[in-house]
Amino acid sequence: MNYAIIAAGEGSRLVQEGVKYPKPLVRLDGVPMIGRLIDIFMSCNAESLSVIVNEQMTEVREYLESLTLPVPLHLVVKSTPSSMHSFYEVSRHFDSGKFCLTTVDTIFRRDEFARYIEAFETDDTADGYMAVTSFIDDEKPLYIDVDPSMMITRFCDAPFDGVKYISGGIYGLTAPALDILDRGIAAGMSRMRNYQRALVDAGLKLRAWEFDKIVDVDHAGDIATAEAFIAGER
């Protein structure tokens, strides 16, 4: 599995709220947030890791450059206008095969993620596995509609009758999704949620994989929430 982390945001809200570390280096249970993600990925059949940080994040870049990993690390240092553009930049370094992408502040439990990756790796019928959760913690969630077999039928900005899931921000995809990414960037698309809609519109088979809970670290108060959520998993 090829893994990628988007860590190119400025984390301005955390800075304004008095957090002294760049977001990727905020510690959860004593471990930098980005380090925890990397540890999880390395334990789940990693073949390569691609990470993008912005040009101002010298501490994060230095941290990543200090790591010794058992797989190739592709580090992109570039400021981008959106997470979709960041995705495009790291995708240039993907090896062949399936890949899994997430943002650095997406917090999930190790055991749930391991089951998700195992299912994605062994499924030869789906074009992608998108993490979903019924736990709504996001300020602007992306709502997801599924059919009885948990295949995604649409992505919606607003809730609808019978809605159960929102996007968890973990994207497991295959090569056809990169073609759609390239076309989207060329057409001026700039939001991950619009890219996901384009995947459905193109007829890709996207399976929704349920996580019990996924949280984001956007504010200083979210750090304690995230620590409590993952407490005891090590």
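The values are calculated or read from the model by the stated rules, or taken from the named source; none is laboratory data. This one's a predicted model, so the numbers in the text were calculated from it and none came from an experiment. Neighbour counts run over all protein chains shown; Cβ positions are idealised from the backbone, glycine included. Just the protein is used for accessible areas: all its heavy atoms, side chains included, with ligands, DNA and RNA removed. Shrake-Rupley method; radii C 1.70, N 1.55, O 1.52, S 1.80 Å.
Filter K78/K205; K23/K164; K20/K78; K23/K78 down to the pairs with a C-alpha to C-alpha distance above 27 Å, please. Working shown, then result.
Numbers: K78/K205 32 Å; K23/K164 30 Å; K20/K78 22 Å; K23/K78 16 Å.
Pairs exceeding the cut-off: K78/K205; K23/K164.
As a rough guide to protection, the peptides 37-43, 198-204 ranked by mean Cβ packing within 10 Å, highest first, stand as 37-43, 198-204.
So if R0 is 22 Å, what FRET efficiency would S79 and R27 give, r being the distance between their Cβ atoms, rounded to the nearest 0.05? If you can, show how the numbers build up before the last one.
Numbers: r = 25 Å, r/R0 = 1.12.
Calculated value: 0.35.
Express the carbon and sulfur contribution to the solvent-accessible surface of the stretch 1-156 as a percent, rounded to the nearest whole number, probe 1.4 angstrom. Ligands and nucleic acids excluded, carbon and sulfur reach 46 percent.
In the chain, helices alone account for a calculated mean residue ellipticity at 222 nm of -9500 deg cm²/dmol, with every DSSP H run of four or more residues adding -39,500 (n - 2.57).
Springs join every pair of Cα atoms under 10 Å in this Gaussian network model of the chain, and among G172, G184, G30 the largest mean-square fluctuation is at G30.
Here each label is just a point 7 Å from Cα along the line to Cβ, and for S43 and D138 those points are 2.6 nm apart.
Result for the chain in a Gaussian network model with C-alpha springs under 10 Å: among A131, A208, A186, the largest mean-square fluctuation is at A186.
Given R₀ = 35 Å, FRET efficiency for D179-R110 by Cβ-Cβ distance, to 0.05? It would help to have the intermediate numbers written out before the result.
On the way: r = 32 Å, r/R0 = 0.91.
E between D179 and R110, to the nearest 0.05, is 0.65.
Fully extending the segment from M151 to D201 would add 16.7 nm, taking 0.36 nm per residue of separation and subtracting the current Cα-Cα distance. Rolling a 1.4 Å probe over the protein heavy atoms gives the chain an accessible area of 45 Å² per residue.
Would you mind calculating the relative contact order of the chain from Cα pairs under 8 angstrom and at least 6 residues apart, reporting the percent as a whole number?
Values: 406 pairs, mean separation 57.6, N = 234.
Relative contact order comes out at 25 percent.
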